[in-house]
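Data first, discussion second: the structure below is written as C-alpha cells.
The values are calculated or read from the model by the stated rules, or taken from the named source; none is laboratory data. Just so it is clear, the structure is predicted and the values come from calculations on it, not from any experiment. Here Cβ is always computed from backbone atoms with ideal geometry, including for glycine, and neighbour counts include all displayed protein chains. For accessibility, only protein heavy atoms count, side chains too; no ligands or nucleic acids. Shrake-Rupley method; radii C 1.70, N 1.55, O 1.52, S 1.80 Å.
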Amino acid sequence: MLAAPLWASHVAHTGPDTTHTTEKITVDGERREVVSPDGASIGPVWFGADGRFFLGADGRLGRDEMVRLMYGGRTSLLIGVAAALITTFLAVVLGLLAGYHRGWTDSVISRAMDIVWAFPVLLLGIALGTALAVGGLQIGPLSISSGSIWIPILIIGFVYTPYMARPLRGEVLALREKEFVEAAVAQGAGPLRVMFGELLPNLWSRIIVLFTLSIANNMLLESALSFLGAGVQPPASSWGAMISTGTELIYSAPLLTIIPGTMIVLTVLSLNVFGDGLRDAIDPRSRVRLEAHAGTFEPEREGA
Amino acid sequence: MSEPLLEVEGLVMHFPVKRGLLVDREVGRVRAVDDVSLTIGRGETLGLVGESGCGKSTLCRTVLQLLKPTSGSVRFEGREIAGLSRRQMRPLRREMQMIFQEPYASLNPRKRVGQIVGDPLRLQGAGSGAELRRRVGELLERVGLSPEHYERYPHEFSGGQQQRIGIARALAPSPKLIVADEPVSKLDVSIRAQIVNLLDDLQDEMGLTYLFVAHDIGVVRHVSDRIAVMHEGRIVEQGPADRVCEHPADPYTESLLAAVPVPDPRQARARRAGGRRPGS
Ligand SMILES: Nc1ncnc2c1ncn2[C@@H]1O[C@H](COP(=O)(O)OP(=O)(O)OP(=O)(O)O)[C@@H](O)[C@H]1O
Ligand SMILES: [Mg+2]
C-alpha cells in the first residue's frame with residue numbers, strides 16, 4: 001500500500017498537475033462541481049465517482065488529491081532513496097579511509113565532517129536549498145537547473161553524510177585492530193583490498209540499518225524543506241509540499257494536511273521496522289541462532 | 001648446510017608509552033623484543049618458548065614485518081627485509097606465512113571458508129573459478145576438513161577446525177617458512193596432539209621450515225630440532241632440543257621444565273627429590 005506511489009502512472013486517471021476547475025462529476029447520481037463558484041473544492045467522495053476524486057480535490061486548482069498523493073509520494077520516496085544512496089556511498093568511502101589510514105587522512109576527513117556537523121541539519125538544508133533554488137548548480141560541465149529534483153537530493157545526501165560516516169569510522173577503527181586484518185596483510189593484501197575485502201563485509205549489516213534509517217530521515221528533511229519552500233519546487237509535488245499547501249485550508253479541509261502527514265509517518269515507521277528485520281536476516285550469526293532454535297543445526301560455538 | 005632460510009640479528013622492538021594532554025609525550029618504553037638473534041635452517045623447526053607476555057607474538061610479527069622493528073636485521077634467503085615498505089613486502093608474503101594464536105579472531109567472520117582459503121591464491125592471480133575451487137577443496141582435505149565446508153562461515157566450526165582453516169590458509173601460497181604463533185595454546189588438550197601431528201606431517205611432505213612458538217616447553221620439545229628460550233624480550237638460551245631439555249644451562253629454562261606435567265609419578269617424584277636435597 002505504501003509502495004503504491006511506485007506505479008502511480010498506472011493507476012491514476014489523470015496527471016498530478018491537471019486542474020479540474022470547471023469539471024463536474026457524478027456522485028451517487030448527483031452532479032457536483034469539483035470546485036464550486038465560491039472557491040471551495042470538493043471533499044472526499046470515496047467510491048462515489050468510480051475512484052476519481054477519492055480524497056477530493058486540493059483547493060482552488062481542483063487537482064485530484066489522491067493522484068497528487070501518489071505522485072508526491074513518488075517524489076518523496078525518490079528523494080529519500082537517492083539521497084540515502086549518496087549519503088551511504090560518501091559515508092562508506094570516507095569512513096573506511098579515515099578509520100583505516102588514521103593519521104592525517106583521518107584528521108582532514110574528520111575536521112571536514114565536524115564543520116558540516118556543526119550546523120543544524122535543517123538550517124544548512126534551508127541555506128543551501130534557497131541558494132541553489134535561485135541560482136541552480138553549475139559544477140564544471142555538470143549543470144542542474146534550479147527547479148530540478150536533483151537539488152534537494154544532493155543537498156540532503158550531503159547534509160547527512162557526517163551522521164553516517166562518523167559511526168562507520170568508529171566501527172572501522174575497532175575492526176582494523178582485529179587479528180583477521182593482520183592475517184590479510186600477512187597474505188599480501190594491499191590497503192584497498194583490506195578496506196573493501198575484509199572490513200566492508202563486516203560493515204554491511206550496520207550500513208543497511210543506517211541506510212533504511214537514512215531514507216526515513218531524508219524523507220522527513222525533504223518534507224521540512226519542501227514545507228518551507230526550500231525543497232521540491234512547484235508544480236512538482238511531494239508530501240512535504242502538499243502539507244505546505246494544505247495548511248492554507250487547514251480549517252476547512254484538514255484532510256489535505258493530515259493525509260500526507262500520515263503517509264510520511266507510516267512510511268518512516270515501516271522503513272524502521274524493515275531495517276531491523278533486514279539486519280536480522282543478513283547477520284550470519286543470527287541466522288544460526290534461528291536455525292538452532294528450530295533444532296536443525298547445533299552451533300558448535302557462538303562468536304568469540 | 002647451505003645458507004640458512006632465516007637469519008635474525010639484534011632485532012629490537014620497543015613500544016613507546018605515550019601520555020600527554022595535547023601533544024603525546026613519550027614517558028617510557030615497553031621492551032617487548034630486546035636484541036634477539038636467531039637462525040633457522042631450511043626444513044628445520046625452531047621452537048620458541050617463554051611465559052605469557054615475554055614477547056613471543058611480538059617477535060613473530062616483527063620477523064614477518066607486520067610490525068616495523070625499532071632496529072636490527074631480518075634476512076630471508078639472504079635478503080634483508082627489515083625496513084622494507086608494505087608494498088615492497090607484498091611479493092615476498094607468499095614465501096612466509098603465519099598461523100595465529102587465536103584461531104577464531106584471525107578468520108574474518110563475514111567470509112566463507114572457501115573465500116578465506118582461496119584469497120591467498122587469488123592474490124597471486126592463480127586459476128579460474130573452477131580451478132580455484134578445486135585447489136581450495138584439496139587444501140581443506142589436506143588439513144582434515146571436507147570440501148563441503150567451502151560455503152560455511154568460521155563460527156560454524158569448533159576451535160580445532162578453525163585452526164585447521166588457519167593452517168589451510170597459511171599453506172595456500174606454498175610458502176617456505178611458516179611462523180606458528182602458539183597454534184595449539186587456545187585449543188583443548190585432547191586435540192592439541194592432532195594439530196601438532198598435522199603440522200609435523202605437512203613439514204615432511206612439503207619441506208616446510210617452522211618457527212614454532214609455545215609457552216609450554218613440553219609441546220615444543222616434540223616438534224623442534226632446536227629450541228630457543230625467551231624471557232622478558234631476550235633469548236636466554238638456544239640449542240638442540242634434547243640438549244636444552246636434558247641439560248638446561250639457564251635457571252629460567254629449568255623453571256620452565258619443572259612446570260611441565262610428567263605423566264609418570266615415579267619420575268615426577270624423582271625430579272622433586274632432585275630439586276630439594278633429600279632429608280632436608
Ligand atoms: N601494540 C603494542 N603496544 C604496546 N605494547 C605492546 C603491544 N603489543 C604487545 N605489547 C607488549 O609487549 C609485551 C609482549 O607481548 P606479546 O604479545 O608479544 O607476548 P606473548 O609472549 O606473545 O604472550 P602470550 O603468550 O600471552 O601470547 C607485553 O608486555 C605487551 O603488553
Ligand atoms: Mg602471543
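Quick check on B:Ala105: is it at pLDDT below 90 and either surrounded by fewer than 24 Cβ atoms within 10 Å (Cβ to Cβ) or small (Gly, Ala, Ser) (or both)? Explain how you work it out, then say what you get.
Details: at pLDDT below 90: no; either surrounded by fewer than 24 Cβ atoms within 10 Å (Cβ to Cβ) or small (Gly, Ala, Ser) (or both): yes.
It is false that B:Ala105 is at pLDDT below 90 and either surrounded by fewer than 24 Cβ atoms within 10 Å (Cβ to Cβ) or small (Gly, Ala, Ser) (or both).
Do we find that A:Glu222 is assigned by TED's automatic domain parsing to the domain that holds A:Gly99, closer than 30 Å to A:Ile151 by Cα, surrounded by fewer than 18 Cβ atoms within 10 Å (Cβ to Cβ) and acidic (Asp, Glu) in this structure? So that I can check it myself, show each step before the final result.
Numbers: assigned by TED's automatic domain parsing to the domain that holds A:Gly99: yes; closer than 30 Å to A:Ile151 by Cα: yes; surrounded by fewer than 18 Cβ atoms within 10 Å (Cβ to Cβ): no; acidic (Asp, Glu): yes.
Criteria not met by A:Glu222.
Within the range B:59-72, take every residue that is open to solvent by less than 60 Å² (accessible area, probe 1.4 Å) and within 14 Å of chain A (Cβ to nearest Cβ) and give me the one that is farthest from ligand 1 (Cβ to nearest atom).
Residues of the range B:59-72 open to solvent by less than 60 Å² (accessible area, probe 1.4 Å): B:59-67, B:69, B:71-72.
Of the ones still in play, those that are also within 14 Å of chain A (Cβ to nearest Cβ) are B:60-67.
Details: B:Cys60: 8, B:Arg61: 8, B:Thr62: 9, B:Val63: 12, B:Leu64: 13, B:Gln65: 15, B:Leu66: 11, B:Leu67: 8 Å.
So, considering only residues that are open to solvent by less than 60 Å² (accessible area, probe 1.4 Å) and within 14 Å of chain A (Cβ to nearest Cβ), the one farthest from ligand 1 (Cβ to nearest atom) is B:Gln65.
Of the conditions (1) among the charged types (D, E, K, R); (2) in contact (Cβ under 8 Å) with a residue 12 or more places away in the chain; (3) farther than 20 Å from B:Val220 by Cβ, B:Glu102 fails just one. Which one is it?
It fails just one condition, (3).
Tell me whether the range B:181-192 contains one or more residues that are away from ligand 1 (no atom under 16 Å from the Cβ), among the acidic types (Asp, Glu), within 14 Å of chain A (Cβ to nearest Cβ) and out of contact with any Gly (no Cβ under 6 Å at 6 or more places or on another chain).
Restricting attention to the range B:181-192, the residues satisfying the condition of being away from ligand 1 (no atom under 16 Å from the Cβ) are B:188-191.
Pick out the ones that are also among the acidic types (Asp, Glu) and you get B:188.
Imposing the further condition that a residue be within 14 Å of chain A (Cβ to nearest Cβ) reduces the set to B:188.
Going one step further and asking which of them are out of contact with any Gly (no Cβ under 6 Å at 6 or more places or on another chain), we end up with B:188.
Yes, some residue in the range B:181-192 is away from ligand 1 (no atom under 16 Å from the Cβ), among the acidic types (Asp, Glu), within 14 Å of chain A (Cβ to nearest Cβ) and out of contact with any Gly (no Cβ under 6 Å at 6 or more places or on another chain).
Which of the residues that make up the range B:168-223 are more than 17 Å from B:Arg93 (Cβ to Cβ), aliphatic (A, V, I, L, M) and away from ligand 2 (no atom under 16 Å from the Cβ)?
B:Val189, B:Ile191, B:Ala193, B:Ile195, B:Val196, B:Leu198, B:Leu199, B:Leu202, B:Met206, B:Val223
Is it the case that some residue within the range A:254-265 is closer than 30 Å to B:Lys111 by Cα and buried (at least 18 other Cβ atoms within 10 Å of the Cβ)? Walk me through how you get there before you give the answer.
Step one: of the range A:254-265, the residues closer than 30 Å to B:Lys111 by Cα are none.
So far as the range A:254-265 goes, no, none of its residues is closer than 30 Å to B:Lys111 by Cα and buried (at least 18 other Cβ atoms within 10 Å of the Cβ).
Which residue pairs have Cβ atoms closer than 9 Å, lie 6 or more positions apart in sequence or on different chains, and pair a first residue in the range A:101-117 that is closer than 15 Å to A:Tyr160 by Cβ with a second residue that is open to solvent by 90 Å² or more (accessible area, probe 1.4 Å) and assigned to a helix (DSSP H, G or I)?
A:Met113/A:Arg166; A:Val116/A:Phe158; A:Trp117/A:Arg166
Would you mind telling me which numbered condition in (1) open to solvent by less than 70 Å² (accessible area, probe 1.4 Å); (2) more than 19 Å from B:Asp200 (Cβ to Cβ) B:Arg134 fails?
With (1) open to solvent by less than 70 Å² (accessible area, probe 1.4 Å); (2) more than 19 Å from B:Asp200 (Cβ to Cβ) applied to B:Arg134, the lone miss is (1).
State all residues of the range B:24-58 that are surrounded by fewer than 16 Cβ atoms within 10 Å (Cβ to Cβ) and either within 14 Å of chain A (Cβ to nearest Cβ) or within 16 Å of ligand 2 (Cβ to nearest atom) (or both); if no residue qualifies, say none. Spell out the reasoning first.
To start, the set of residues in the range B:24-58 that are surrounded by fewer than 16 Cβ atoms within 10 Å (Cβ to Cβ) comprises B:24-30, B:35, B:37, B:51-53.
Answer for the range B:24-58, where residues must be surrounded by fewer than 16 Cβ atoms within 10 Å (Cβ to Cβ) and either within 14 Å of chain A (Cβ to nearest Cβ) or within 16 Å of ligand 2 (Cβ to nearest atom) (or both): B:Asp24, B:Val30, B:Glu51, B:Ser52, B:Gly53.
Looking at B:Phe76, B:Phe100, can you tell me which residue is under 22 Å from the mean Cα position of the chain (by Cα), crowded, with 16+ Cβ neighbours inside 10 Å and within 16 Å of ligand 2 (Cβ to nearest atom)? Can you show your working first?
Details: B:Phe76 fails: within 16 Å of ligand 2 (Cβ to nearest atom).
Residue meeting the stated conditions: B:Phe100.
Just give me the residues in the range B:114-142 being within 12 Å of chain A (Cβ to nearest Cβ), in contact (Cβ under 8 Å) with a residue 24 or more places away in the chain and in contact with a Leu (Cβ under 8 Å, 6 or more places away or on another chain), in sequence order.
B:Ile116, B:Val117, B:Gly118, B:Leu121
Starting from the range A:186-203, take each residue that is more than 7 Å from every other protein chain (Cβ to nearest Cβ) and list its partners that are not aliphatic (A, V, I, L, M), counting only C-beta distances under 6 angstrom and pairs at least six apart or across chains.
A:Met195/A:Tyr100
From the list B:Val179, B:Val136, which one is of a type in the set (Val, Ile, Thr) and under 19 Å from B:Thr45 (Cα atoms)? Write out each step before concluding.
Numbers: B:Val136 fails: under 19 Å from B:Thr45 (Cα atoms).
That would be B:Val179, the only listed residue that is of a type in the set (Val, Ile, Thr) and under 19 Å from B:Thr45 (Cα atoms).
Does B:Val213 qualify as being within 12 Å of another protein chain (Cβ to nearest Cβ), within 16 Å of ligand 1 (Cβ to nearest atom) and either assigned to a strand (DSSP E or B) or closer than 21 Å to B:Val8 by Cβ (or both)? Don't jump to the end; show me each part of the working.
On the way: within 12 Å of another protein chain (Cβ to nearest Cβ): no; within 16 Å of ligand 1 (Cβ to nearest atom): yes; either assigned to a strand (DSSP E or B) or closer than 21 Å to B:Val8 by Cβ (or both): yes.
No; evaluated as a whole, the condition is false for this residue.
If you scan the range B:86-97, which residues turn out to be within 7 Å of chain A (Cβ to nearest Cβ) and either without any contact (Cβ under 8 Å) to a residue 40 or more places away in the chain or touching a Leu at 6+ places or on another chain (Cβ under 6 Å) (or both)?
Listed by number, the list holds a single entry, B:Arg90.
Tell me which residues, restricted to the range B:157-200, are farther than 21 Å from B:Leu64 by Cβ, open to solvent by less than 10 Å² (accessible area, probe 1.4 Å) and not in a helix (DSSP H, G or I).
Hit for the range B:157-200 is B:Phe157, nothing else.
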